[in-house]
Amino acid sequence: MASLPFFLSEEGHDRLHIAMVTHVGRTSADEMLQQADQLLRSLQHQSRSNWEVEQIDSSSHQPYNHWSEGNWQESLQQVLKGQQVELFYQTVYDMNQQPVFREVFARLRLLGELASAEAFLPIVERFDLHVDFDKVVFETLMLHLQKDGSNTRYCVNLSPRSLLDEDFFRWLLDTLKALPGVTERLILEVPERTVLMGGQAMPSLVKRLVQTGCRFSIDHFGIVSRSMTSLHELELDYIKIDGSFVRGISNNQGNQFYIRTLTMLAKSRDITLLAQDVEQKEDWQKLRELGVQGGQGYYLGRPQRL
């Protein structure tokens, strides 16, 4: 209760999640708590505050969903130490549905099965393993790019805490400088909240990164009102509109007005404006009318193994 004012602030208004589970029949309190924790992690992976009630069936969940925090921490550390990540990608298209670049996603193999990001990313955050996780993903992608002879551009997401970690930033900068031929095909992407967390240091950080030849992008844009100023302060190549503004845009005049305004601002700064979570044909058509330059989502293409 004492922390509720935090959730009313700009930094915290998308951090409040509530999960409830129900179960018909006999089960243990530990089982209920583990399932509620798994549901909560799933909600935390979404960009906005949310709540959900779910009836659970123990037989339908993956074994790792029942792990204790100790099991998770030990397993994640072993996976990261062995660099056992598998990369997938989803293509970002322009409005003529021509490929622009590929956004990379990481999956971890746990108990012989691929675990989705919503299963492990909140655990990575809980145990402050952002730097280790981002390093492994980045190194795996760079190895792929060195072997790949095409000119395809790839976008990799970084945690805000990784980017703002001094040691990680120095490592990232040195790695980019050492591989100029690969770096020019790379797009670094961070969620919008990074702008708020980085504060006055963000313009300098981004400038030093893009000077290596890579490009820079912000996703989940539009949640934090003060981020509009980043269009003038940061050297951005891409902005991705958060999916909450995109889904159902064909019938939402308020979001249409916001995106039309954002389109004009992005154009004035020569920033490519993209949409996330494009899942309906009518939304894709409306985005075109509003001046959005491209997007990604299940309507355009599902993730594939890299």
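The values are calculated or read from the model by the stated rules, or taken from the named source; none is laboratory data. It should be emphasised that the depicted structure is a prediction, and the values quoted were computed from it without experimental measurement. Here the Cβ positions follow ideal geometry from the backbone for every residue, glycine too, while neighbour counts run over all protein chains shown. Note: areas computed on protein heavy atoms with side chains; ligands, DNA, RNA excluded. Shrake-Rupley method; radii C 1.70, N 1.55, O 1.52, S 1.80 Å.
Let's see how each residue does on (1) of a type in the set (D, E, K, R); (2) in contact with a strand residue (DSSP E or B) (Cβ under 6 Å, 6 or more places away or on another chain):
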position	(1), (2)
Tyr89	no, yes
Val92	no, yes
Asn96	no, no
Val104	no, yes
Leu110	no, no
Asp128	yes, no
Asp134	yes, no
(message) Out of the residues in the stretch 80-100 meeting the condition of being open to solvent by 40 Å² or more (accessible area, probe 1.4 Å) and farther than 30 Å from Arg288 by Cβ, tell me which one is modelled with the highest pLDDT.
(response) Glu86
(request) Of the conditions (1) within 16 Å of the chain's Cα centre (by Cα); (2) within 20 Å of Asp134 (Cβ to Cβ), Phe221 clears all except one; give me its number. (result) (2)
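Glu103: open to solvent by less than 70 Å² (accessible area, probe 1.4 Å), in a strand (DSSP E or B), farther than 29 Å from Asp283 by Cα and at pLDDT 85 or above, yes or no? It would help to see each step written out before you state the result.
Numbers: open to solvent by less than 70 Å² (accessible area, probe 1.4 Å): yes; in a strand (DSSP E or B): yes; farther than 29 Å from Asp283 by Cα: no; at pLDDT 85 or above: yes.
For Glu103, the condition - open to solvent by less than 70 Å² (accessible area, probe 1.4 Å), in a strand (DSSP E or B), farther than 29 Å from Asp283 by Cα and at pLDDT 85 or above - is not met.
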(message) Can you find, within the stretch 53-79, the residue that is modelled with the highest pLDDT among those that are of a type in the set (A, V, I, L, M, F, W, C), under 25 Å from the mean Cα position of the chain (by Cα) and not in a helix (DSSP H, G or I)?
(response) Val53
(message) Can you report the number of residues in the stretch 142-167 which are among the basic types (Lys, Arg), surrounded by 14 or more Cβ atoms within 10 Å (Cβ to Cβ) and more than 19 Å from Glu192 (Cβ to Cβ)?
(response) 1
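Restricting to the stretch 26-42, and then to whatever is assigned to a helix (DSSP H, G or I) and charged (D, E, K, R), can you tell me which residue is surrounded by the most Cβ atoms within 10 Å (Cβ to Cβ)? Reasoning before the result, please.
Going through the stretch 26-42, the residues assigned to a helix (DSSP H, G or I) turn out to be 29-42.
After this cut, where a residue has to be charged (D, E, K, R) as well, the list is 30-31, 37, 41.
On the way: Asp30: 10, Glu31: 16, Asp37: 19, Arg41: 21.
Looking at the filtered set, the residue picked out is Arg41.
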